[in-house]
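Here's the structure, in structure tokens; my notes come after.
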Amino acid sequence: MEPHTDVSHILDFLKSHPEIGPRIEHIHNILASKGQYADFPDDLDERIVRAVRSRGIEQLYSHQRVCWDHIRDGDNIVVVTPTASGKTLCYNLPVLQSVLNDPGAKALYLFPTKALSQDQVAELNEVVDETGEPIKVYTFDGDTPQSARQAIRKQGNVVVTNPDMLHQGILPHHTKWISLFQDLKFVIIDELHIYRGVFGSHMANLIRRLKRVCEFHGSSPQFICCSATIANPKEHAEALTESAMTLVDESGSPRSGKYFIFYNPPVVNRQLGIRGSYLKESRKVVSALLKNGVSTILFVLSRLNVEILTKYLKDEFESLRGRLASGEVVAGYRGGYLPNRRREIEKGLRAGEIKGVVATNALELGIDIGSLDAAVLAGYPGTIASTWQQAGRAGRRERAAVAVLIARSNPLDQFLMSSPDYFFGSSVEHARINPDNLTILVDHMKCAAFELPFRKGKPFGNVTAADVNDILQFLAEGNVVHLEGGQWHWMEDVYPAVNVSLRRIEKGNFVVVKRSDESKIIAEVDYTSSITTIYPDAIYMTDGRQYVVDDLDWDGRKAIVRDTDSDYYTDAIDYTNVKVLDEFESRRSGKVDASLGEVQVMTRAVGFKKIKFYTMENVGYGDINLPDMEMHTTAYWFTLPQELLSQLSYSRSNVVDGVLGLANALHTICALNLMCTVHDIHRSVGDKSAEWYVRNAFGDRGIYSVEGRDFSGKQVSPANLSRFQPTIYIYDNYQGGVGFSQQLFDSHEELLVQTHSLISKCICDAGCPSCVGPAAEVGEGSKRVSLAILETATH
């Protein structure tokens, strides 16, 4: 068959394919739109105009001109336009103009990844070369040679880096960067939507520190932020920078037409609700597209899947080798590849030599890979914004394209398959941060104190002077800072930034070392995952290799492992009990009480299962004896009162099953409505009094008493629990909370409606992984009872 170049031909081909067509659940047609253009500004330097025109750009898009006007007026801006809409020019034009007007002017570009930094530097240097002026553009990251760093500090007009390097390599040594900070005119923050949750909360404090250092050196830079579509771009940019922002969100770029296909693998076991492998179906779709000349990008959810699918597709297309100049038809692309290899793949894609690429979300961001005809997403990426970002990698440069989302069996993917209007409607996630999270704030105030003394009575960003003083007094008690001459000075020998990770909240991570060579670290495990990952006798896996944990040094934060070749892996069982410390808000909604507040979460890992590879059968059990995890955080919860339970014609044990299934489905829906993964929020089922909790492990579903701080309480007969009021908790899985619970509380009614839709539309009979969970885990009646609970609660 001749290669397809018309998007309608691609669609017809997929619909008529005997193995693909029947699996198509929904097709959404996104119409093409024409661009809106504007002339170059009269005050834009002619050298820049000439350089831009040499790249084939004769006019600006309307939003690029609007950005120019706002920046010229001194505004901070946040630009929110689609993928491939020319956001780069929105900040490159004013930065280049500033340097041409004042050769000493500086700009700081912040990108979330090194790969994106390299790509943007290459593009900016091409424009700079065309101007013929000696504008110095440098990348400063972990790969920058020591020999080049001094020249960058002194000579760089534009320094391109990432938040981690700004945090550990620039701000702590700001006295070496005097020329940058004295003349810093612009700070560019690209991919703003990435900075959410814990990472965003760290980033906001990093910006507080940056502004503090700039003020010390006498500069006050403008902020230019760029973001993919989120529900609250202006609010988020202002929360991140603590500066007033002007929103530019009316794109003038032309939009290519696109067909967005929702594809559901076939059901292979209706009773259990199990569908065919989404990876196998992804391979089938991509293979069919590539064989018919459709250049395709396949996004997968893990690095391991990149390697597996790349191998499968390479083997399948071996016969095509040699027909192209590069000899490579399909390539993989993920974090961990050497920079030269990534550049080679990007170049091959831009030139059209590589026809297919299998990638993680490393290619989701704005790296230039040319124009592809199709994007296939193997599994829902987790947020609507990421899905549009990945789908937008096909059809760039005004070419129409096809995007295919291939669903997994999990509830999130199946909800979208049954409710495509939710995805294509107006609902877009909010980006939430909590920069005043006490754990994060204290860490960054330590870093700030190392960089510059705190003057007594001065705020730290939006943190009041009184709160700043309280934190500094606390640090002084630990001999971290001391007050002298009206200033708080750093006292310790170590510099604190090296012990603060921007990507998570630290509490002493564990290292994994081999018994044969304890000096060699093979992996790192975060504190909260340790009790369910590296307990003694656990099978720990990394890089496809298996190790058995011989010993766990809890105080020394070290797990000692040895090689093994077992035919099973281990899966830990943990119980969680939630106790309400403070109720901030509450309201009656229908027949349930919805609440928001501060909670104490106590988790204990009590045992583990040994599960055989491939057959998935249980082949044994073991005990875990490790300390409990305790965390204070924020939660949203609702309680099923006695009057509601009395209306249900089910036994108390059936009600427990229904509540467990409801909690599973609700957890999925909550993650869908937040800009987060299911790991950012956790769920728990207990009693409003916190005297009982619901255990669901080892096939044991029941209500147990909580005896003090112990989980050793006895099982209680549901018939005897006249005061039992089941409560479902959804809590932020971060110490102190990061703001997710507030949004869930505000959306309580909509969450219940969506959860009912997810469960009721599922094709299974009695519960499956796509709705309430497997019937064997949550009970045969869980699906039926959970629907009854929702219907009774909301009517």
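The values are calculated or read from the model by the stated rules, or taken from the named source; none is laboratory data. On a predicted model such as this, the values are computed, not experimentally measured, just so you know. Positions of Cβ are backbone-derived with ideal geometry, glycine not excepted, and every protein chain shown enters the neighbour counts. Ligands, DNA and RNA are excluded from the accessible area calculation, which covers all protein heavy atoms including side chains. Shrake-Rupley method; radii C 1.70, N 1.55, O 1.52, S 1.80 Å.
Side notes on the structure shown:
- Single residue of SER418, SER426 found to be modelled with pLDDT under 95 and surrounded by 15 or more Cβ atoms within 10 Å (Cβ to Cβ): SER418
- Residues being outside any loop (DSSP other than H, G, I, E, B), surrounded by fewer than 18 Cβ atoms within 10 Å (Cβ to Cβ) and touching a residue at least 24 places away in the same chain (Cβ under 8 Å) - total across segment 475-498: 4
- Residue within segment 236-247 that is out of contact with any helix residue (DSSP H, G or I) (no Cβ under 9 Å at 6 or more places or on another chain) and either within 24 Å of THR383 (Cα to Cα) or outside any strand (DSSP E or B) (or both) present: yes
- Restricting attention to segment 141-174, the residues that are small (Gly, Ala, Ser) and open to solvent by less than 30 Å² (accessible area, probe 1.4 Å) total 2.
- Screening ALA594, ALA635 for residues that are touching a His at 6+ places or on another chain (Cβ under 7 Å), assigned to a strand (DSSP E or B) and at pLDDT 90 or above leaves exactly one candidate, ALA594.
- Residues (outside any strand (DSSP E or B), open to solvent by less than 50 Å² (accessible area, probe 1.4 Å) and not aliphatic (A, V, I, L, M)) located in segment 537-577: TRP554, GLY556, THR564, SER566
- If the condition is being within 25 Å of TYR61 (Cβ to Cβ), part of a helix (DSSP H, G or I) and either among the hydrophobic types (A, V, I, L, M, F, W, C) or in contact with a Ser or Thr (Cβ under 8 Å, 6 or more places away or on another chain) (or both), then segment 86-115 contributes LYS87, LEU89, CYS90, LEU93, VAL95, LEU96, VAL99, LEU100.
- Residue check, GLU46 touching a residue at least 24 places away in the same chain (Cβ under 8 Å), of a type in the set (Asp, Glu) and surrounded by fewer than 19 Cβ atoms within 10 Å (Cβ to Cβ): no
- Test: residue in segment 386-401 that is modelled with pLDDT of 80 or more, open to solvent by less than 30 Å² (accessible area, probe 1.4 Å), assigned to a strand (DSSP E or B) and in contact with a helix residue (DSSP H, G or I) (Cβ under 9 Å, 6 or more places away or on another chain): yes
- Verdict on VAL95 being under 30 Å from GLY425 (Cβ atoms), under 34 Å from the mean Cα position of the chain (by Cα) and in contact (Cβ under 8 Å) with a residue 60 or more places away in the chain: no
- Of all residues in segment 559-583, those that are within 30 Å of GLN600 (Cβ to Cβ) have Cβ atoms under 7 Å from Cβ atoms of residues that are part of a loop (DSSP other than H, G, I, E, B) and at pLDDT 85 or above, 6 or more apart or on another chain, in ALA559/ILE534; THR570/ALA538; ALA572/TYR535; ALA572/ILE624.
- For segment 587-596, the candidate set comprises residues that are of a type outside the set (Asp, Glu) and touching a Phe, Trp or Tyr at 6+ places or on another chain (Cβ under 9 Å); within that set, the residue that is surrounded by the fewest Cβ atoms within 10 Å (Cβ to Cβ) is ARG587.
Condition check ((1) open to solvent by less than 20 Å² (accessible area, probe 1.4 Å); (2) closer than 27 Å to GLN743 by Cβ; (3) within 16 Å of the chain's Cα centre (by Cα)) across all residues:
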| residue | (1), (2), (3) |
| --- | --- |
| HIS193 | yes, yes, yes |
| VAL213 | yes, no, no |
| GLN222 | no, no, no |
| ALA228 | yes, yes, yes |
| GLU238 | no, yes, no |
| ALA244 | no, yes, no |
| LEU247 | no, yes, no |
| GLY252 | yes, no, no |
| ARG255 | no, no, no |
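- Some residue of segment 728-736 being within 30 Å of ARG503 (Cβ to Cβ), assigned to a strand (DSSP E or B) and touching a Cys at 6+ places or on another chain (Cβ under 8 Å): yes
- Residues that are at pLDDT below 90 and either over 23 Å from the mean Cα position of the chain (by Cα) or not polar (S, T, N, Q) (or both) do not occur anywhere in segment 161-181.
- Residue in segment 597-610 that is open to solvent by 50 Å² or more (accessible area, probe 1.4 Å) and within 30 Å of ILE522 (Cα to Cα) present: yes
- Subset of segment 284-304 (residues that are of a type outside the set (Gly, Ala, Ser), surrounded by fewer than 21 Cβ atoms within 10 Å (Cβ to Cβ) and part of a helix (DSSP H, G or I)): LYS284, LYS291, ARG303, LEU304
- Pairs are defined by a Cβ separation below 7 Å, a sequence spacing of at least 6 or placement on different chains, a first member in segment 527-541 that is within 11 Å of TRP554 (Cα to Cα), and a second member that is buried (at least 21 other Cβ atoms within 10 Å of the Cβ) and among the small types (Gly, Ala, Ser); the pairs so defined are ILE531/ALA605; ILE534/ALA559; TYR535/ALA605.
- In this structure, VAL468 does satisfy being surrounded by 15 or more Cβ atoms within 10 Å (Cβ to Cβ), over 30 Å from SER302 (Cβ atoms) and in contact with a Gly (Cβ under 9 Å, 6 or more places away or on another chain).
- Verdict on GLN118 being part of a helix (DSSP H, G or I), open to solvent by 50 Å² or more (accessible area, probe 1.4 Å) and closer than 27 Å to HIS63 by Cα: yes
- Selected residue (criterion: nearest to ILE178 (Cα to Cα)) from residues of segment 434-456 that are in a loop (DSSP other than H, G, I, E, B), of a type outside the set (D, E, K, R) and open to solvent by 30 Å² or more (accessible area, probe 1.4 Å): PRO453
- Residue in segment 691-702 that is among the aliphatic types (A, V, I, L, M), modelled with pLDDT under 80, within 17 Å of LEU640 (Cβ to Cβ) and not in a strand (DSSP E or B) present: no
- Residue among ASP75, ASP12 that alone is part of a loop (DSSP other than H, G, I, E, B) and surrounded by fewer than 22 Cβ atoms within 10 Å (Cβ to Cβ): ASP75
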